[in-house]
Structures are given as C-alpha cells and as structure tokens.
DNA sequence: ACAGTGACGGGACTTGGTCCCATCACCATA
DNA sequence: TATGGTGATGGGACCAAGTCCCGTCACTGT
C-alpha cells in the first residue's frame, strides 16, 4: 500500500475518485482467491489488494470474511413476494412452487449459472462457509414459513411446507448448476417438488 | 495467572496434579458467563479464569469458542444406532421415531432438562451460536439420511424422512425444555412426529 | 466560491485461534 | 530407591479477523 498510484485509473480520462462496483470487485477477487488457494489460506488483505481496495472498505461492505460470498441477500424478499403473489386458492406447496419460479426468473438466470456453480464449489469445500450457508437456509425457511402463515396456513403445516420447499430447492439447484442440464431453474424446481411430494407419501 | 496457588486443590489431601473434568468445568464457566454478560461480551480468557485453567487448555479441548456449548457430540452416534436397531419392517418415519426414543432415553433425561434449557436460551440469543447449531443440525440430518439408506430406503425418501424427523425433534425439544411439560422426551417426540406426518398430508 | 457529503485510506487496538516448548505429578520398570 | 517416559497443563510468541476512529478528497448543491 506504499504505492500512491495503487488503484489509480488505468484510463487517461479525468480521474474518478473511485473505481465503481467495489462490492462486486471484492466478490470476484475473493472467489478467485478461494478457488486458487482455498478459503482459509486467503486473508482479507489479499482479497482487498487484488480488488485494489483496503481492509477498511472490505468490512464496510461485508460483516465478515464469509459474507462476501453471501451478499446477494435478495432471495428472502423474492421468496416472500413469490408466496404472497401465488393464486389465492393455491395449496401450501403450490405457493412454494410459485415462489421457486420467481426465484428462477429473477435470480437463477442462465447467465449466472457458471458463477453459481463456482460459488457453490467453494462453499462446499469449507466448513465455515457451509456453516454460514446453513444459517442462511434457516432464514429462508423462516421467511417461507412466515409468508405461508400470512396466507392462513396453520403453523405446523407452514413449517413442513417450507422445509419441503427448501429441500426441493436444494435438489433443483444441485441439478441446475450441474454442467449436464440446460433446463431452467423453474422447470427443475417443479420436478423436484413433485418428487419430494411423492417421497413424502412413502414415509 | 501470576498466583502460583491459582487452581490448587482447596482440600488438604495430597496434591493432585490437576483438578478433574476440565472440559465440563469450562462448559459450566462458559454457560454462566454467557448468561451473565452475553456470548460476545465474554472472552475465552475470562472463561478459563473462572474454570481455573488457561487459554491453551481451552483450545486443546474445543476447536473454537462456540464449540464449548456443542461438545456433547454423542447425538450422531445415538441417532445412527437408533435407526439401525429399528425393527426390520419399520417404515422410514417409524425408524426415525425409534431413534428419537433412543435419544430421549440416553441424552434427554429429565435431570438434564434445566441445563438444556439454559443452553438453548444462550444459543438463541446469539447469531454465531445459532449458526453453529444450524451446522450441527445438518450433520444430524445427514447421519439420519445415511442410516436410512443403509436400511434400503431410496435416496430421496430417506432425505425427506430425515428432514421431517429433524423437524419433529425440534418441536419436541421446544416442548420438552419448556417449564410446563413434565412429559419425557420420547413421548413428546412421538406426538410431534404424528403431527408432522398429519401436516405433511395437508401440503 | 465554498461548505457538506460520503466512500475510501490507514493505523491502533482487541480478541480468536495456532504453534511450540517447558513443566511436573504420575506411573512403570529396574 | 532410582530413573525415565507419559500426558495434561502453563505460557508466550505470533498471525489473522474484526472494531474504531479519524483523515482525505472528489463530488455536489447552493
């Protein structure tokens, strides 16, 4: 950091005070480094150096080192609106299916497939990151449960439907990010939900 | 730590090199401090001082600060044997019910009720601890899924049954640790599982 | 022209966590 | 009785995560 021209624009135009998209640059740098040498062998300072920033800025954008991979926290809102906007007469799992379609349309678009796969691989390789992911999942289940209860679904039924929905999501996501399938997420989610419902009957 | 007599036996008998039960003493000290001033306002050194030990010893027994509340890792083994020893013809959820009974007999005995309640309250009050708990839960679900698959239950069915079993466990545990109920855990687990199964049919 | 704003730089500081080595009661064996 | 090994602990150096506070300076509106 002793180089004064560190992150100076490489263009010749009038100097912009800062390069734009700091959080995204940090995310890209972090993902690359985690892939190269692993999460625990990467320091926050190394991430910020690659992004042309500093430790202060990193922690201004992310609560902690893990959170850089979980910043896209729009999922919760999408799930809630997806359930809220489901047809009035829809059964709990149908409302969940509707939410998964919204997710597929708004978040799991095909242009983000490769990135999602890389991110998932990094997370799967590290217990700390899996831990954070598990907590996020709990939050999403709570969101779905709450949204279902607002539709008048009884407490326990809502909880079960949310849990089964989360399971279908996981299964669909596993398939979606796999290189083989070119289906879109909504289609895979519908299939997974149907299979989960069938498996439920065998319990 | 400059006091040479720090953790010297308070009895007059021949000096024992160390006070016994170091991990348990650390757990008790940690739980007390977390209750008094909260998890994040408690340092590891304060825990070790109350237990009459040092930081080195703490991290020799526990991987990190959170793990002091999650040391009793016998659950996984109990669950696995509980499912393995279920009657041969039992349906997946019946095998899970058998496992929950084993848990109730071996781990959630009534003399540990108050302690469990205190521990749960501390965990609920802190996101870091909830995060660790979420990861532990994933591990238990994986254990149950694996045990069910060894019984010949198909992949997805096992996963669903394990998930529903975990949900029933949570519900039963919430009720068990509540001050009102004097039922034993196995009974509450059976009820919860029945209710979950019923809710499942309404999805 | 000028003060306010807001994202960033930077450094001091606390704490979690790792590593390595010293200590010393206990124990087995001679 | 002597002697050497064992194993849980003490202790301190060290690194990285995360917090706090303050300075900088292009941009912006008046």
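So, in the range A:96-114, of the ones that are in a helix (DSSP H, G or I) and without any contact (Cβ under 8 Å) to a residue 60 or more places away in the chain, which residue ends up nearest to residue A:168 (Cα to Cα)?
In this case the residue turns out to be A:98.
Just to be sure before I move on: is residue A:122 away from every other protein chain (no Cβ under 12 Å), more than 18 Å from residue A:103 (Cβ to Cβ) and in contact with a helix residue (DSSP H, G or I) (Cβ under 6 Å, 6 or more places away or on another chain) in the structure I sent?
yes
What's the total number of residues in the range A:47-56 that are near DNA strand D (Cβ under 8 Å from one of its atoms) and under 24 Å from the mean Cα position of the chain (by Cα)?
Summing the residues that are near DNA strand D (Cβ under 8 Å from one of its atoms) and under 24 Å from the mean Cα position of the chain (by Cα) in the range A:47-56 gives 1.
Which members of the range B:54-74 meet the condition of being more than 13 Å from residue B:25 (Cα to Cα) and within 9 Å of DNA strand C (Cβ to nearest atom)?
Selection gives B:55, B:56, B:59, B:60, B:63, B:64, B:65, B:66, B:67.
Conditions (1) part of a loop (DSSP other than H, G, I, E, B); (2) more than 14 Å from chain B (Cβ to nearest Cβ); (3) surrounded by 13 or more Cβ atoms within 10 Å (Cβ to Cβ); (4) within 16 Å of DNA strand D (Cβ to nearest atom), marked per residue:
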{"site": "A:58", "(1), (2), (3), (4)": "no, yes, yes, yes"}
{"site": "A:63", "(1), (2), (3), (4)": "yes, no, no, yes"}
{"site": "A:73", "(1), (2), (3), (4)": "yes, yes, no, no"}
{"site": "A:76", "(1), (2), (3), (4)": "no, yes, yes, no"}
{"site": "A:82", "(1), (2), (3), (4)": "no, yes, yes, no"}
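For the structure I just gave you, tell me whether residue A:86 is at pLDDT 95 or above, more than 15 Å from DNA strand D (Cβ to nearest atom) and part of a loop (DSSP other than H, G, I, E, B).
Yes, satisfied.
Could you tell me which residue of the range B:43-53 is nearest to the other protein chains (Cβ to nearest Cβ), considering only residues that are surrounded by 14 or more Cβ atoms within 10 Å (Cβ to Cβ) and within 11 Å of DNA strand C (Cβ to nearest atom)?
Among residues in the range B:43-53 that are surrounded by 14 or more Cβ atoms within 10 Å (Cβ to Cβ) and within 11 Å of DNA strand C (Cβ to nearest atom), the one nearest to the other protein chains (Cβ to nearest Cβ) is B:44.
Which residue, of B:78, B:33, is more than 17 Å from the chain's Cα centre (by Cα) and either within 24 Å of residue B:141 (Cβ to Cβ) or not assigned by TED's automatic domain parsing to the domain that holds residue B:163 (or both)?
Testing whether each residue is more than 17 Å from the chain's Cα centre (by Cα) and either within 24 Å of residue B:141 (Cβ to Cβ) or not assigned by TED's automatic domain parsing to the domain that holds residue B:163 (or both) leaves just B:33.
Go through (1) modelled with pLDDT of 95 or more; (2) assigned to a helix (DSSP H, G or I) and name the single condition residue A:153 misses.
(2)
Select from the range B:169-186 the residues that are part of a helix (DSSP H, G or I) and more than 10 Å from every other protein chain (Cβ to nearest Cβ) and list them in ascending order.
Of everything in the range B:169-186, those that are part of a helix (DSSP H, G or I) and more than 10 Å from every other protein chain (Cβ to nearest Cβ) turn out to be B:169, B:172, B:173, B:174, B:175, B:176, B:177, B:185, B:186.
Identify all residues within the range A:124-139 that are in contact (Cβ under 8 Å) with a residue 12 or more places away in the chain and closer than 17 Å to residue B:164 by Cα; write none if there are none.
Correct list: A:137 only.
Given (1) assigned by TED's automatic domain parsing to the domain that holds residue B:143; (2) outside any helix (DSSP H, G or I); (3) modelled with pLDDT under 95, identify the lone condition not met by residue B:7.
(1)
What number goes with the only condition from (1) within 25 Å of residue B:132 (Cα to Cα); (2) surrounded by fewer than 17 Cβ atoms within 10 Å (Cβ to Cβ) that residue A:107 does not pass?
Result: residue A:107 passes all but (1).
Give the residue, chosen from A:190, A:150, A:177, that is in contact (Cβ under 8 Å) with a residue 60 or more places away in the chain and surrounded by fewer than 16 Cβ atoms within 10 Å (Cβ to Cβ).
So the residue among A:190, A:150, A:177 that is in contact (Cβ under 8 Å) with a residue 60 or more places away in the chain and surrounded by fewer than 16 Cβ atoms within 10 Å (Cβ to Cβ) is A:150.
The values are calculated or read from the model by the stated rules, or taken from the named source; none is laboratory data. Everything numeric here is computed off the predicted structure, so don't read it as measured data. Positions of Cβ are backbone-derived with ideal geometry, glycine not excepted, and every protein chain shown enters the neighbour counts.
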